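Take a look at the structure below.
The values are calculated or read from the model by the stated rules, or taken from the named source; none is laboratory data. The shown structure was predicted, so the numbers you read here are calculated from the model rather than taken from an experiment. Neighbour counts run over all protein chains shown; Cβ positions are idealised from the backbone, glycine included.
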Amino acid sequence: MNHSYENLQLDFPEEGVAKITLARPESLNALTYELVKELHEVLDQVDQDHDVRAIIITGSGRGFCAGLDLKGFGQVPGTEEFGEQQKGMAIQQYIADLVHHMRDVRQPIIAAINGAAAGGGFAIACASDIRYCGQSAKFGTAFVRLGISGCDIGVSWMLPRLIGASRAWELMLTGRVFDASEANRIGLVSNVVSDDELLKTALTVAREIAANSPFGVWMTKEVMWSNLEIPSLRAGIDIENRNQILAAGTEDSKAAMASFLGRSEVPWRNR
């Protein structure tokens, strides 16, 4: 499928890997309606491309994403006659749906965070499955500094699960900016690398993911996200048990067992 986008770029740096680059560098890739719309579209595109096994998301220029474009986001079509609060709610829900969409995509998403990741950009980073950042990265949950709640775009749910409740509350209540070193120390990112090595690092991880079973990776992502919501260990193990038996019955799993014993490469067929 060939799609053209005005506010982002989609390319395939190597077999099995898609790279989404937010492409509004003049505004540090700040979110507008058109950019969010294209993000939804490109997520659908790569999800439907079964040759894509892992996704990298990054920003062009000096920043990952500076959050909502304060010069104007635009409005959701069909809401032109709404009141101001109703228009605002439609925008809020449209942006927040990105978090659900990123979770629902079968392929793991690796955020390669360059420069500023603030507001909605911070939420996109948190919604990714894996995060790496360059040394220039800066993070901020700045919502509370704008006179609104610090709880926005899923951050109040995701951040405590990523770094622990106490650290998350401190960051969300102060709205302070923190750097790459602190992001690494508190476990928000898997590692900090030089800015020049950031995309290479993300691609290396994407390559390792793409070498695994397509169905196994899909089920691992799905169950790990589900187990963040499951209220008990018993329920979590129950879904794991069913997932393992389901996956073990696939042709790929049987071929992988034979390949492991014979020390040969597995020809994944997603069957």
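Can you spot a residue in the range 85-98 that is at pLDDT below 95, surrounded by fewer than 23 Cβ atoms within 10 Å (Cβ to Cβ) and at positive phi?
No, that holds for no residue.
If you check Leu171, Leu162, which single one turns out to be under 19 Å from Ile110 (Cα atoms), outside any loop (DSSP other than H, G, I, E, B) and of a type outside the set (S, T, N, Q)?
None of the other options fit; the residue is Leu162.
Any residue at all in the range 112-120 that is surrounded by fewer than 19 Cβ atoms within 10 Å (Cβ to Cβ) and either under 18 Å from the mean Cα position of the chain (by Cα) or at positive phi (or both)?
Filtering the range 112-120 down to residues surrounded by fewer than 19 Cβ atoms within 10 Å (Cβ to Cβ) leaves none.
Within the range 112-120 (the criterion being surrounded by fewer than 19 Cβ atoms within 10 Å (Cβ to Cβ) and either under 18 Å from the mean Cα position of the chain (by Cα) or at positive phi (or both)), the answer is no, since none of the residues qualifies.
Applying the selection to the range 222-236, what residues are among the charged types (D, E, K, R) and either in contact with a Lys or Arg (Cβ under 6 Å, 6 or more places away or on another chain) or surrounded by 12 or more Cβ atoms within 10 Å (Cβ to Cβ) (or both)? Quick ask: steps written out before the conclusion?
First pass over the range 222-236, keeping only residues among the charged types (D, E, K, R): 222, 229, 234.
Of everything in the range 222-236, just one residue is among the charged types (D, E, K, R) and either in contact with a Lys or Arg (Cβ under 6 Å, 6 or more places away or on another chain) or surrounded by 12 or more Cβ atoms within 10 Å (Cβ to Cβ) (or both), namely Glu222.
Just for helices (runs of 4 or more DSSP H) wholly inside the range 174-271: which have at least 3 residues that are among the aliphatic types (A, V, I, L, M) and over 21 Å from Met102 (Cα atoms)?
233-248, 251-262
For the range 15-67, name all the residues that are under 21 Å from Lys200 (Cβ atoms), touching a Gly at 6+ places or on another chain (Cβ under 7 Å) and either part of a loop (DSSP other than H, G, I, E, B) or of a type in the set (D, E, K, R) (or both).
Passing the criteria: Asn29, Val52, Arg53, Arg62.
Tell me, yes or no, whether the range 258-268 has at least one residue that is of a type in the set (S, T, N, Q) and more than 23 Å from Glu15 (Cβ to Cβ).
Checked the range 258-268: no residue is of a type in the set (S, T, N, Q) and more than 23 Å from Glu15 (Cβ to Cβ).
Would you confirm, using the coordinates I've provided, whether Arg53 is in contact (Cβ under 8 Å) with a residue 60 or more places away in the chain and either more than 24 Å from Leu199 (Cβ to Cβ) or basic (Lys, Arg) (or both)?
Values: in contact (Cβ under 8 Å) with a residue 60 or more places away in the chain: yes; either more than 24 Å from Leu199 (Cβ to Cβ) or basic (Lys, Arg) (or both): yes.
Considered against the rule, which asks whether it is in contact (Cβ under 8 Å) with a residue 60 or more places away in the chain and either more than 24 Å from Leu199 (Cβ to Cβ) or basic (Lys, Arg) (or both), Arg53 comes out as yes.
Of the residues in the range 119-152, how many are modelled with pLDDT under 95 and of a type in the set (A, V, I, L, M, F, W, C)?
Matching residues across the range 119-152 total 6.
What are the pairs with Cβ atoms under 7 angstrom where one residue, in the range 165-179, is free of Cβ contacts under 8 Å to residues at least 60 places away in the same chain and the other, located anywhere, is among the basic types (Lys, Arg)? Sequence gap at least six, or different chains.
Pairs found: Gly175/Arg145; Val177/Lys138; Asp179/Lys138.
If Lys71 satisfies every condition in (1) among the charged types (D, E, K, R); (2) modelled with pLDDT of 95 or more; (3) more than 24 Å from Ala202 (Cβ to Cβ) but one, which is the exception?
(2)
Tell me which of these Val144 doesn't satisfy, since it passes every other one: (1) among the β-branched types (Val, Ile, Thr); (2) buried (at least 21 other Cβ atoms within 10 Å of the Cβ); (3) not in a strand (DSSP E or B).
Going through (1) among the β-branched types (Val, Ile, Thr); (2) buried (at least 21 other Cβ atoms within 10 Å of the Cβ); (3) not in a strand (DSSP E or B) one by one, Val144 breaks only (2).
Please work out which one of (1) under 19 Å from Val42 (Cα atoms); (2) surrounded by fewer than 17 Cβ atoms within 10 Å (Cβ to Cβ); (3) out of contact with any Asp or Glu (no Cβ under 8 Å at 6 or more places or on another chain) is the condition Asp104 fails and give its number.
(3)
May I ask you to list the residues in the range 9-29 that are crowded, with 22+ Cβ neighbours inside 10 Å, free of Cβ contacts under 8 Å to residues at least 60 places away in the same chain and farther than 29 Å from Ser213 by Cα?
Residue satisfying the conditions is Arg24 alone.
Scan the range 251-263 and tell me whether some residue there is buried (at least 16 other Cβ atoms within 10 Å of the Cβ), under 20 Å from Val52 (Cα atoms) and among the acidic types (Asp, Glu).
yes
If a residue has to be over 19 Å from Asp104 (Cα atoms) and among the hydrophobic types (A, V, I, L, M, F, W, C) to count, how many in the range 123-152 make the cut?
Residues flagged as over 19 Å from Asp104 (Cα atoms) and among the hydrophobic types (A, V, I, L, M, F, W, C) within the range 123-152 amount to 9.
I need the full set of residues from the range 220-256 which are over 27 Å from Gly164 (Cβ atoms), among the hydrophobic types (A, V, I, L, M, F, W, C) and touching a residue at least 24 places away in the same chain (Cβ under 8 Å), in order please.
Hits for the range 220-256 are Leu246, Ala247, Ala256.
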